[in-house]
Amino acid sequence: MTTTRAEPQPADFADVRTTNLAVVLRHLRAHGPSSRAAIAASTGLTKATVSSLTGDLIGHRLLRETGPGGNRIGRPATVLALDGSAYASIGIQVAPDQLTALAVDYSGERLLLWHRAAGDSTAEMVGLAQRAAARVRQQGRHVLGLTLAVPGDVDGTGLRDRVAGSLRQKDLAVTVAGHAALAAIAERRHGGWANVAYVSGVAGLDAGLIIDGHPVRGGRLGHLTLGPAGTPALREQAGIAPLVRRALPDLDPAAQADLAPAVEQVAIRARSGDTTALSALKHAGSCLGQGLAALVNLVEPEVIVLGDHFATLAEWLIPAASGELARLAPALGTDLRASTLGLHAAALGGAVSHLDQVDTGRLPDNDR
């Protein structure tokens, strides 16, 4: 499958202004500061339409004028840029060992990144959300939304209701989604891909999917069985916890409650040439590649991103996984790579998911 990244095009249907607002916002997000004339030339909108749209966006504090641009004859054109000063969004990532809060403003600038040890109390999650929202508001920004990124097997409905009730902002959207699905949103914005799969090892082995630019629910890739009845599921063959157990047979099981240090230890031993660690990584990579081949043959992503703990071990997992992909899905040419977004990609995806709503032309109410 061949995917191209085309410039957003003006629409020819009822809600044309909303769609064309999205065209302008997405152009500036993709290309950076531009003059009104450059926006018109790139998008196909008329100069008069661009002038009207940008005036509305400046009024909503989504764009700002940065001053005259250079490199042209005659009067310099005024350059426009995304304005992040008014609005922000928050992602709260819930993991077995850690809570993470991340906030970004509309221009994409990170406003805070907090990590807290996870406890058993929902009150700790609610409290972290309250403190993050309060900090963002103290900075003079309106919080558009907050998303809770939860492990794939966690029902976050009750948590969502508690958080929403505690924040006391009627127009603040509070949502819940899985780690992998939200991390895929972050990767799409970071890499610009229209079709991407994100593979997470935080809780079992999950895949988040972006298809034709739109997030879909994804699923539990680790439930696949690569063999006859009785064969262990993929999560037991290629999941992070089983991989750590195979690579570090001398590790105290109690130390596996927090997987991050154990995964780093696997990487250290692999770099030193430890044969047990290298064998475990090769086995996991090969099994992972077989599972990814099934995913590729089904949805044909242009890129698969190995995230969180998989990214830490990607230099050893990718060679074996790529070999299986080439064997089982040779014609599709899917790119397999490691994430560069770190262990908080789901929190980032949760935050930007609300900002993506603004990028569709649905402007926030600025009558505050």
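Here, each number is a calculation from the coordinates, and none is a lab measurement. Note that this is a predicted model, so its numbers are computed, not measured. With ideal geometry, Cβ positions are generated from the backbone for all residues, glycine too; neighbour counts draw on all protein chains shown.
Starting from the Cα gyration tensor of region 16-82, take the square roots of the eigenvalues, sort them a ≥ b ≥ c, and report rounded, prolate or oblate (rounded when a/c is under 1.5, otherwise prolate if a/b is larger than b/c, else oblate).
In terms of gyration-tensor shape, prolate.
Could you tell me how many cubic angstrom of Cα convex hull volume region 119-262 has per residue?
164 Å³
What value, in deg cm²/dmol to 500, does the helix sum -39500 (n - 2.57) over DSSP H runs of n ≥ 4 give at 222 nm once divided by the residues of the chain?
Numbers: 13 runs with 164 residues, N = 368.
The helix-only estimate for the chain comes to -14000 deg cm²/dmol at 222 nm.
Whole Å is fine, so just give me how far the alpha carbon centre of region 22-59 lies from that of region 228-279.
50 Å
Quick check for me: using +1 on Lys/Arg Cβ and -1 on Asp/Glu Cβ, what's the dipole size of region 16-82 about its Cα centre, in debye to the nearest 20? Each step should come with its number before you reach the end.
Working: 9 positive and 2 negative charges, 8 e Å.
With Lys and Arg at +1 and Asp and Glu at -1, about 40 debye.
Subtract the Cα-Cα distance of A254 and T78 from 0.36 nm times their separation in residues, and report this length gain in nm to one decimal.
57.3 nm
Of all beta bridges DSSP finds with both residues in region 193-343, what is the antiparallel percent, to the nearest 5?
Counting only bridges with both partners in region 193-343, antiparallel ones make up about 55 percent.
Starting from the Cα-Cα distance between A48 and E236, subtract it from 0.36 nm times their residue separation and give me the gain in nm to one decimal.
Answer, rounded to one decimal: 61.7 nm.
If I model a spin label at H31 and T122 as a point 7 Å from the Cα along the Cα→Cβ vector, what separation in nanometres do I get?
About 4.8 nm, to one decimal.
In whole Å, what is the distance between the alpha-carbon centres of region 133-202 and region 283-340?
26 Å
In a shell of Cβ-Cβ distance under 11 Å around V296, excluding V296 itself, what net charge do Lys and Arg (+1) and Asp and Glu (-1) give?
My count for the surroundings of V296 gives -4.
Give the percent of DSSP beta bridges with both residues in the chain that are antiparallel, rounded to the nearest 5. Don't jump to the answer; show the numbers that get you there.
On the way: 31 of 52 bridges.
Of all bridge pairs located within the chain, approximately 60 percent are antiparallel.
Along each of the three principal axes of the Cα atoms of region 193-343, give the extent in whole Å, ordering the values from largest to smallest.
Principal axes ranked by extent give 44, 35, 25 Å for the Cα atoms.
Hey, rough spin-label estimate for N297 and H214, points 7 angstrom out along Cα→Cβ, what's it come to in nanometres?
Once both label points are built, they end up 2.7 nm from each other.
What shape does region 268-354 take by its C-alpha gyration tensor, where a ≥ b ≥ c are the square roots of the eigenvalues and a/c under 1.5 counts as rounded, a/b above b/c as prolate, and the rest as oblate?
The shape class here is oblate.
Need the full-extension length gain, L328 to E315, defined as separation in residues times 0.36 nm minus the C-alpha distance. One decimal, nm.
2.6 nm
Measuring from label point to label point, each 7 Å out along Cα→Cβ, what is the T18 to Q357 span in nm?
Taking the two extended label points, one gets 1.3 nm.
In terms of the ratio Rg/(2.2 N^0.38 Å) built on C-alpha atoms, what value belongs to region 35-194? Intermediate results must be reported in sequence, preceding the final value.
Numbers: Rg = 19.5 Å, N = 160, 2.2 N^0.38 = 15.1 Å.
Relative to the rule-of-thumb radius for its length, region 35-194 sits at 1.29.
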